[in-house]
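S.K.: First the structure, which I've put down as structure tokens, then a few questions once you've had a look.
The values are calculated or read from the model by the stated rules, or taken from the named source; none is laboratory data. No experiment lies behind these values; they were computed from the predicted model shown. All Cβ positions, even for glycine, are placed from backbone atoms using ideal geometry, and neighbour counts span all protein chains on display. Protein only, heavy atoms only, side chains kept; ligands, DNA and RNA dropped before computing areas. Shrake-Rupley method; radii C 1.70, N 1.55, O 1.52, S 1.80 Å.
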Amino acid sequence: MNKEDIHRHITVLVAFAVITLVMTYPLFLQLGSSIRDPGDPMFNAWILAWDVEQLTNGNFSGFFDANIFFPHQRTLAYSEHLFPQSLVAAVPLVASNNPVLAHNLVTLLSMLTSAFGMYLLAHYLTENAVAGVVAGIVYGFSPFMFDHLVHVQLLAAGGIPLVFLFLARFFDEERWTDLAWLWFFVVIQMLANGYYAVYLTFFVSVTVTYQVLSAGKLRDPRFLAMLVLLGLGVALATGPFIYQYIAFKHEMGFERMYRSNAEISSFFSAPWFNRLYGGWLPDHPEARLFPGVTPVVLAMLGVVGALRTRGQGRESTTSGASLTNPRSWFFFFIALFVFSVWASFGTSVIGPYRLLYDHVPGFDGLRAVARIHIMTLNSLAVLAAFGVASVVAAIRRQGPRRVAAFGIPLLLLIEYFSVPVPTTRVPAKDELPSVYGWLAEEPGGGPILELPLPYRGPRKNLTEIARVYASTVHWRRILNGYSGYLPPVNREIRRRWNLVGPVQVVADAKTLGIHQILLHTQEFRGAGLKETRAALLDLDPPAVKVADIEGVEVWEIEDSGGVAAGSGVDGVRALPRSGWRASATVNTERAGLAIDGDPATSWRCETRPFGEVFTVDFGSQKRLGAIELMHGRNRKAFPRRLVVELASEEGVWRVVTERRFEWLPIEAFLRPLELPLVVEFEASTARYLRLTNAAPHQNAPWLISEIAIW
């Protein structure tokens, strides 16, 4: 790269910086005090603050064990971890202790680097600076990007064009330096956003495979060795992060049904605050994909120009592989454009997305199908760049060429103009309720629950997001939380709050090991505050109010529990199942599935007006004092009144315990794939065990996926 190119790139970078500030006005004037929306941006500010807190404290082993959703672990993996973004946020966060400032700086920098990364790719392929600028504007400032100003992780897309840039350079020159840069940008982009990591891995893998096969590289040991080294390097750098998500998926049985498919009208949908198109184009939340008229016209001109061009562009220094010239890359991006548009419709049309979901790892964890539009934008921007290059090349006179060089980017900016961007003010840390500072000063403080929990209704999560953000003051573990995934304990606690109220929730909080409960007195509805105070005083021993700070009461729970997610009875080995036989009064042919050691199979009894019986014959006398019934993933399939009987000889039964259950114990939800119910009784010797569901639920079955006995 010569000095002229360096100066040109710096000039473009500065220009994009100015465009970023202007197009996001007034955000740059409110960097430390406002965000686009009080929802996800505030949550992402918490993520950045958590990351930086762990990095500065050297807490690498606990990086993913974020302080939300106590007592669940690995809670950072419930959403994007934003590790690369936190490296950028570290300096402003440490200097200012202001997560909002750090979040906004990362937001602006993400838009800037997306535009500049695309400029570098388009400039390399077209050898035209104006074409590169146009491509950068299309990619970095399109309505799709402005629609996702609330998702800083989706704005972090600058690595995608840079990956393709260094793929092109590597295919062209096969240099180790290009391979190193390719590795760097693949890693950074994969860590910056999970959606883009899946898309990028798939498309890069397909591209490299095509290159190897079409260029006859299977017999080139040097080329293959470089690719193997690239793959190993990416796996080593991203593996520790990916492992956390795989472990989380395995532990929680996490799966997502994809939604937010694109429709035809989605490609004519723009954010409501776009000054040219907002308000009269159709609205598709999560699928506002209108790219503007100008880039589509330019891309069509690029197609016409490419079809007319017979030359192959600059020569490759290698053996003439299929993707080592700009014209070949042009047709590659046409294919990428068609594929990504097609895939964005999900399964609403016959197409590739169902195959990707079923057979390509990672796609089954993506919720919003339409976000694959980033690959559509990536390819459209490149195609538009070729269109600009062909237009500029066709203009012979200097004056009109300058008009085109300034006019086309200006036309794009007019289409994308969304000023003023709506913002919401966020209180500074010293403006948050004083109780959070009080919590920070309490040494050795335990886990916290803040009440009331969200009541049903629109935007019900905003209160929880505000509490998550406020936890940056004290960093105590909190049962509250918000994320892309709501874990089972939190989901159940919320459900019980809305169904039965504070008594059960307070009791569950003590069982889980909550040390203090905060009552935001002004946020309760009806008699909720009175009932919550009464529930706290009814605990054994009663909870004690230790502080009342500006309308927030702090109640301390003595002798709180603290359950673990282990199995059965602590310190006791479950009985081996060899020789066991199971039977039941209903579906007896399936009774053995409850003792086969496979939680995925189960015995099931549908709703009936009378109790059903399940029996186990151990084959010989056993000493037992506890049973554990596992209910798969069905939280309703437990017995409401369970009678446990033992017998040393067939037909001579004795009742050892009878238990009533209105709810599954809250600790059962720490094992969401099993939802176990443990029943202990006085230990005795028996050969037979009989379980009777003496009070079947009229709307819920009785299901046993596995039985463990101690």
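S.K.: Enumerate the residues in the range 414-436 having an amide nitrogen under 14 Å from the point lying 7 Å beyond the Cα of E550 toward its Cβ.
M.R.: 427-436
S.K.: Going from the alpha-carbon gyration tensor of the range 516-675, what semi-axes, largest first and in whole Å, does one get by taking the root of 5 times each eigenvalue?
M.R.: Rounded to whole Å, the semi-axes are 41, 18, 16.
S.K.: Taking amide H positions as placed 1.01 Å from N in the peptide plane, with prolines and chain starts having none, which residues 5 or more places from K622, or on another chain, fall under 5 Å of its amide H?
M.R.: For K622, the qualifying residues are A686, R687.
S.K.: Please give the FRET efficiency for N2 paired with A440, using the beta carbon to beta carbon distance and R0 = 60 Å, rounded to the nearest 0.05.
M.R.: 0.65
S.K.: Taking Cα atoms of the range 133-252, Rg/Rh with Kirkwood Rh, to two decimals?
M.R.: Rg/Rh: 1.02.
S.K.: May I pose another question? Taking a virtual spin label 7 Å from the Cα of A428 along the C-beta vector, which residues in the range 16-54 bring their backbone nitrogen under 13 Å of it?
M.R.: Of the residues in the range 16-54, 31-34 have backbone N under 13 Å from the label point off A428.
S.K.: Put one equal scatterer on each alpha carbon of the range 50-133, apply the Debye formula with no solvent term, and list log10 I(q)/I(0) at q = 0.12, 0.19, 0.22 1/Å to two decimals.
M.R.: Summing over Cα pairs of the range 50-133 leads to -0.51, -0.86, -1.00.
S.K.: Apply the Karplus curve 6.51 cos²θ - 1.76 cosθ + 1.60, θ = phi - 60°, to the phi angles in the range 638-645 and return the couplings in whole Hz, x for Gly and Pro.
M.R.: Working through the residues one at a time gives 10, x, 7, 9, 9, 9, 10, 10 Hz.
S.K.: Between Rg and the Kirkwood Rh of the range 15-64, both from Cα atoms, what is the Rg to Rh ratio?
M.R.: Here Rg/Rh amounts to 1.15.
S.K.: Cα centroid distance between the range 644-710 and the range 379-439, in Å?
M.R.: Answer, in whole Å: 63.
S.K.: Shifting gears a bit: Could you calculate the contour length gain from V503 to S620, that is, 0.36 nm times the residue separation minus the distance between their Cα atoms, to one decimal place in nm?
M.R.: Between V503 and S620, full extension yields 37.7 nm more.
S.K.: Over all directions, the average projected area of the alpha-carbon convex hull for the chain comes to how many nm²?
M.R.: 36.9
S.K.: Taking only the alpha carbons of the range 342-406, what extent do you get along each of the three principal axes, in Å, biggest first?
M.R.: 55, 19, 18
S.K.: Given a 1.4 Å probe and every protein chain left where it sits, what share in percent of the accessible area of the chain is carbon and sulfur?
M.R.: Answer for the chain: carbon and sulfur cover 59 percent of the accessible area.
S.K.: Where does each of 174-185, 218-229, 445-456 land if you order them by average Cβ count within 10 Å, highest first?
M.R.: Those peptides, ordered most packed to least, come out 445-456, 174-185, 218-229.
S.K.: Can you give me the orientation-averaged projected area of the convex hull built on the Cα atoms of the range 376-475, in nm²?
M.R.: Result: 12.4 nm².
S.K.: Here's something else I'd like to know. Using 0.36 nm times the number of residues separating V652 and V360, minus their current alpha carbon distance, what extension gain do you get?
M.R.: 99.5 nm is the gain from fully extending V652 to V360.
S.K.: Also, I was wondering about something else. At what distance in nm do the modelled label points of D559 and S61 sit from each other, each positioned 7 Å from its Cα along Cα→Cβ?
M.R.: 3.3
S.K.: Across the range 429-527, what fraction of all alpha-carbon pairs, as a whole percent, falls in each successive 10 Å bin from zero upward?
M.R.: Final binned percentages: 14, 50, 32, 3.
S.K.: Could you work out how far apart the two model spin labels at A237 and E255 are, taking each label as a point 7 Å from the Cα in the direction of the beta carbon, and quote it in nm?
M.R.: Roughly 3.3 nm, to one decimal.
S.K.: Moving on. What list of ³J(HN,Hα) couplings, whole Hz, do you get for the range 25-31 from phi and the Karplus terms 6.51, -1.76, 1.60, once you set θ to phi - 60° and write x for glycine and proline?
M.R.: Couplings: 3, x, 4, 5, 8, 10, 4 Hz.
S.K.: So what's the range 175-230 giving for Cα Rg divided by 2.2 N^0.38 Å, two decimals?
M.R.: 1.20
S.K.: Could you give me the ³J(HN,Hα) list for the range 267-276, computed from phi with Karplus coefficients 6.51, -1.76, 1.60 and θ = phi - 60°, whole Hz, x at Gly and Pro?
M.R.: Running phi through 6.51 cos²θ - 1.76 cosθ + 1.60 with θ = phi - 60° gives 7, 10, 10, 10, x, 5, 8, 5, 6, 9 Hz.
S.K.: Express the accessible area of the chain per residue in Å², computed with a 1.4 Å probe while the remaining protein chains stay in the model.
M.R.: Heavy-atom SASA per residue in the chain reads 42 Å².
S.K.: While we're looking at this one, here's another question. Straight-line reach from K510: which lysines have a Cα under 29 Å away, not including same-chain ones fewer than 8 places off?
M.R.: Answer for K510, where 29 Å is the Cα cut-off: K249, K460, K530, K545, K636, listed by chain and number.
S.K.: If the viscosity is 1.002 mPa s and the temperature 20 °C, what Stokes-Einstein diffusion coefficient in µm²/s follows for the range 239-296 when Rh is the Kirkwood radius over Cα pairs?
M.R.: Translational D for this selection: 152 µm²/s.
S.K.: Grab the Cα-Cα distance for I10 and W176, subtract it from 0.36 nm times how many residues apart they are, and report the gain in nm with one decimal.
M.R.: Full-extension gain reported as 57.3 nm.
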